[in-house]
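Take a look at the structure below.
The values are calculated or read from the model by the stated rules, or taken from the named source; none is laboratory data. Note that the structure is a prediction, hence the values are computed from the model and not measured. Ideal geometry is used to build each Cβ from the backbone, glycine not excepted, and the neighbour counts take in all protein chains shown.
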């Protein structure tokens, strides 16, 4: 009988206990056989008390020898049929623990319960190998993409600085020209358009710099209603001349949320402006604050054209946009800011009916939660 190392009395998760006294499975399997044989010998002895002593002794010797042979055969059968597969399985599991997934058991060809166990084990190992290959492929892809984005980030940072300096000079010249033009000059409209284009370029450069050089959020516990209300007020100023209504449903009883109000304000304003741009003509944007899954939630829904289902997995990728004048950085930046808050952002959409973005933020940062515990 093989010996095994002592096992802990508790699992790593602490959810079950192991008996302090360890008995090998061979003893457990043979114990009923031995008890039956001993009981049979006792009964046989009682039954042979009427025999003469030499005859009874011979019969008892034969019966005892038969019991020993039966025990021996049982031990050999258990060792061949059960112990060998179990020892092999234990060795394979130990090999898996060392990181080797290219293992398989040889008893999977047996047509019994042990064979079923072997086939299930080999099938599980094939699935694990396939999963590891997929994970390694995804890891290489993500690493390649991260290196590509890092290179683009460095390039974007340099370009942003190179563009901003002459752009500031152009903006100053346009401002002077605009002041010197007569009030009735038609060129004033052109100057106004140039200013708008300069502001658009500045916004794109700001998004590029935010994407290339992310900053950790400045976490403070404050009222999320106030942060959302400021974003809604600014968005309403953008749609004064449009037949679009922005509704706000606050949650006065919501507990304070630990967040960077400037960053979350940036996220919500981006979602609001996207919602406005998704509507052609009249429409409604509804902003609702609440709680969900032990997190504070802010949802932004619109009655716009919606997003096709095949585009939904792509919209948070950097530089992906469905608008001709978009940079594709807004939603990517929004998701990163939310994830920096240990939250998550999701979207549901129906083409022709509108879209709904939902931001979930934990009330307290994980570090603060662990300290409080």
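Every condition in (1) surrounded by 18 or more Cβ atoms within 10 Å (Cβ to Cβ); (2) modelled with pLDDT under 90; (3) more than 24 Å from the chain's Cα centre (by Cα) holds for residue 289 except the one numbered (2). Going by the conditions given, is residue 353 at pLDDT 75 or above, over 29 Å from residue 219 (Cα atoms) and either under 23 Å from the mean Cα position of the chain (by Cα) or surrounded by fewer than 20 Cβ atoms within 10 Å (Cβ to Cβ) (or both)? Criteria met by residue 353. On the given criteria, is residue 273 surrounded by fewer than 17 Cβ atoms within 10 Å (Cβ to Cβ) and touching a helix residue (DSSP H, G or I) at 6+ places or on another chain (Cβ under 8 Å)? Considered against the rule, which asks whether it is surrounded by fewer than 17 Cβ atoms within 10 Å (Cβ to Cβ) and touching a helix residue (DSSP H, G or I) at 6+ places or on another chain (Cβ under 8 Å), residue 273 comes out as no. Screening the candidates 145, 109, 84, 140 for the property of being free of Cβ contacts under 8 Å to residues at least 12 places away in the same chain and in contact with a helix residue (DSSP H, G or I) (Cβ under 9 Å, 6 or more places away or on another chain) yields one hit, 109.
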